[in-house]
Amino acid sequence: AKRSSHNHFQFYVASIDKQIRERKQLEKDLASALVNHEFHLVYQPQINLSNKQVIGAEALLRWEHPEKGLVPPDYFIPVAEANGSIVEIGQWVLDQACWQAARWASEGKSLRVAVNLSAVQLRQESIVEDILGALDRHHLPAALLELEVTETSFMTNMADAIRKLNQLQQAGIVISVDDFGTGYSSLTYLKKMPVHSLKIDKQFIRDLLVNEEDTRIANIIIDLGRSLKLKVIAEGVETAEQEAYLTRRGCDIGQGYFFSKPVPPRDFESFLKTFHRN
Ligand code: C2E
Ligand code: CA
Ligand code: CA
Ligand code: CA
């Protein structure tokens, strides 16, 4: 766009300007989304691959925009992280997920609910008390809450992240590394962090058994998990072949459309009743 024609340049400026306006509008809409109750959570089952029991669910955020309809989290979460509103939104997610897990527990369904914790949230000084506060408010046993953190969370201030995650882990909360293998993986933090499980990113599962490299990467993560005594979760499991392979290869937990897409609580409860396999 830079050195081409005048017209091209104008087009370029106009499109940048449009992007800025869209971004501003998105931030404005995000700011009112919480008070207007436009968020809800959906839950995707996590299956113990060796006995096919549903052991828990990942809570995933959904934003129903009044005009635009469903806005994908991959689109709005980065914006909420950039302007800091993820802190408040994330607190709402935690509260809602703890409420749901406590409700399921009270109905005799002991499910661990996994919540995505943004690096921006982990950087908050009050994050540990905020999370423990949510457990308290809903009388949820800490072992029923799992936090999914990405490798980037460890990067800005490793010592700070270690201190906070240790406190959370000591309280009984389960910590897992999300999108494992896609970030700046370092074996150092696996040694220093109170990590309970590794989540193989769905990009390595998509072409499992089709692409040799992806299959090898999945194998390596499974073996790494085993040698470090960490649980390994595969996300994005879509086919029976992938499920069979991961099970045979010793991956502990599976999650993906093959079992269920992320669904509202009521549909999740129906899934629990109908999912019986061996
Ligand atoms: P993620 O944490 O890696 O979540 C997994 C994504 O894979 C979810 O997308 C899920 O719907 C999708 N997925 C599940 N099974 C399959 C499958 O079999 N095939 C395929 N192709 N995809 C599958 P979703 O819900 O659109 O979320 C996208 C990302 O947004 C999440 O990636 C996470 O990084 C972020 N996110 C979602 N909810 C929250 C939240 O409450 N807080 C934060 N901080 N981030 C969130
Ligand atoms: Ca996740
Ligand atoms: Ca992922
Ligand atoms: Ca992610």
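The values are calculated or read from the model by the stated rules, or taken from the named source; none is laboratory data. What you see is a predicted model; the values in this text were computed from it and never measured. Cβ sites come from the backbone with ideal geometry, for glycine too, and all protein chains shown count toward neighbours. SASA here: full protein model, heavy atoms, side chains in, ligands and nucleic acids out. Shrake-Rupley method; radii C 1.70, N 1.55, O 1.52, S 1.80 Å.
For the pairs 52/261; 229/261; 202/261; 52/109, note any where the Cα-Cα span goes beyond 22 Å. If you can, show how the numbers build up before the last one.
Numbers: 52/261 17 Å; 229/261 29 Å; 202/261 14 Å; 52/109 16 Å.
Cα-Cα > 22 Å for 229/261; rest within.
Distances longer than 21 Å among the Cα atoms of the range 135-278: what percent of all pairs is that?
Values: 5119 of 10296 pairs.
Of all Cα-Cα pairs in the range 135-278, 50 percent lie more than 21 Å apart.
Tell me, what are the semi-axes, in whole angstrom and largest first, of the equivalent ellipsoid of the range 209-278 as set by the roots of 5 times the Cα gyration tensor eigenvalues?
Details: eigenvalues 127, 38, 22 Å².
After diagonalising the Cα gyration tensor, the semi-axes are 25, 14, 11 Å.
With unit charges on the beta carbons (Lys and Arg positive, Asp and Glu negative) and the dipole taken about the Cα centre of the chain, which residue among 104, 254, 83 sits farthest to the positive side?
In the chain, that residue is 254.
How compact is the range 90-214 by the rule of thumb for globular proteins, expressed as Cα Rg over 2.2 N^0.38 Å? Please list the in-between numbers first.
Values: Rg = 15.4 Å, N = 125, 2.2 N^0.38 = 13.8 Å.
After normalising by residue count via 2.2 N^0.38 Å, the value is 1.12.
Could you tell me how far the Cα centroid of the range 170-230 sits from the Cα centroid of the range 35-58, in Å?
What the calculation gives is 19 Å, centre to centre.
How long are the semi-axes of the ellipsoid equivalent to the chain, from square roots of 5 times the Cα gyration tensor eigenvalues, in whole Å, largest first? Each step should come with its number before you reach the end.
Values: eigenvalues 200, 119, 89 Å².
For the chain, the semi-axes come out at 32, 24, 21 Å.
How far is it, in nm, from the label point at residue 39 to the one at residue 187 when both lie 7 Å from their Cα along the line to the Cβ?
3.8
Give the accessible surface of the chain per residue, rounded to a whole number of Å², with probe radius 1.4 Å and ligands, DNA and RNA excluded. Don't skip to the end; give the middle numbers.
Numbers: 14730 Å² over 278 residues.
With the other protein chains kept in place, the chain gives 53 Å² per residue.
Find the Rg to Rh ratio for the range 110-162, where Rh is the Kirkwood radius over alpha-carbon pairs and Rg uses the same atoms. Show your work: numbers first, answer last.
Working: Rg = 11.9 Å, Rh = 11.9 Å.
Result: Rg/Rh = 1.00.
Could you tell me how many degrees, from 0 to 90 and to the nearest 10, lie between the Cα long axis of helix 158-170 and the main elongation axis, the longest principal axis, of the Cα atoms of the chain?
40
Let me know the charge dipole size of the chain about its Cα centre in debye, to the nearest 20, where only the beta-carbon of Lys, Arg (+1) and Asp, Glu (-1) is charged.
Details: 32 positive and 36 negative charges, 65 e Å.
Dipole of the chain, to the nearest 20 debye: 320 debye.
What angle, in degrees between 0 and 90 and rounded to the nearest 10, separates the Cα long axis of helix 6-33 from the longest principal axis of the Cα atoms of the chain?
Here the helix axis deviates by roughly 50 degrees.
Take the Cα radius of gyration of the range 21-156 and divide it by 2.2 N^0.38 Å, with N its residue count; two decimals is plenty. Please list the in-between numbers first.
Working: Rg = 15.6 Å, N = 136, 2.2 N^0.38 = 14.2 Å.
That ratio works out to 1.10.
Can you give the angle from 0 to 90° between the axis of helix 86-106 and the longest principal axis of the chain, with both taken from C-alpha atoms, to the nearest 10?
30
Round to a whole number: what % of the accessible area of the chain belongs to carbon and sulfur, probe 1.4 Å?
With neighbouring chains kept in place, the figure for the chain is 52 percent.
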